[in-house]
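A short worksheet on the structure shown next.
The values are calculated or read from the model by the stated rules, or taken from the named source; none is laboratory data. In this text the structure is predicted, and so the values were computed from the model without any measurement. Glycine gets a Cβ as well: all are built from the backbone with ideal geometry, and neighbour counts include every protein chain shown.
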Amino acid sequence: MKKLKPSKEVLLQYLYDYGIKDTCKLLHITEEEFNSILEPSKREHSHHKYNYQISEIKPLIAKDISDNYNRLRSKFIGNTTNLQLSQTDEDIFHNTLLKVISDGIEDNVVKQIEYRLKMVRYQLQMDNKQLKGIQTNALSKEARENKADLY
């Protein structure tokens, strides 16, 4: 079974309430794990989902993107204020462009961008659906507990 680490916020609340030693005992973590959560190393902290290593941009890819940028942007960026799992359509669009550039595949660049955007949007919908299911289950569990307290 995977050992779960508490979030920094939870850890700080426990630290405030119980102190370091009691917090470590209650959460079954060592002091090294405690310190690594409060002050993550630079390697852990800099890990980002959209950190693409782009050593060289191929001219054909750059030309295809620049020629079709306005058309793709108007097609795929509708609402810049609506967040889908903390990302706007514009964030998704630009992250997709970075991913296609980092892949470096020169054939059908525009089709790759369109495919990836559709794929990311579909995955966001599925993630959002799953998240809503988790929230719904949590709310109904709380409601059952509160109902039991009333009787």
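One table, with the values for the structure above:
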{"item": "Qualifying residues in the range 103-129 (those that are of a type in the set (Val, Ile, Thr) and at pLDDT 85 or above) - the one farthest from SER55 (Cα to Cα)", "result": "VAL120"}
{"item": "Qualifying residue in the range 52-61 (condition: outside any loop (DSSP other than H, G, I, E, B), at pLDDT 85 or above and surrounded by 11 or more Cβ atoms within 10 Å (Cβ to Cβ))", "result": "yes"}
{"item": "Close pairs from the range 112-126: first surrounded by 12 or more Cβ atoms within 10 Å (Cβ to Cβ), partner among the aromatic types (Phe, Trp, Tyr), Cβ under 6 Å, at least 6 apart", "result": "LEU117/PHE76"}
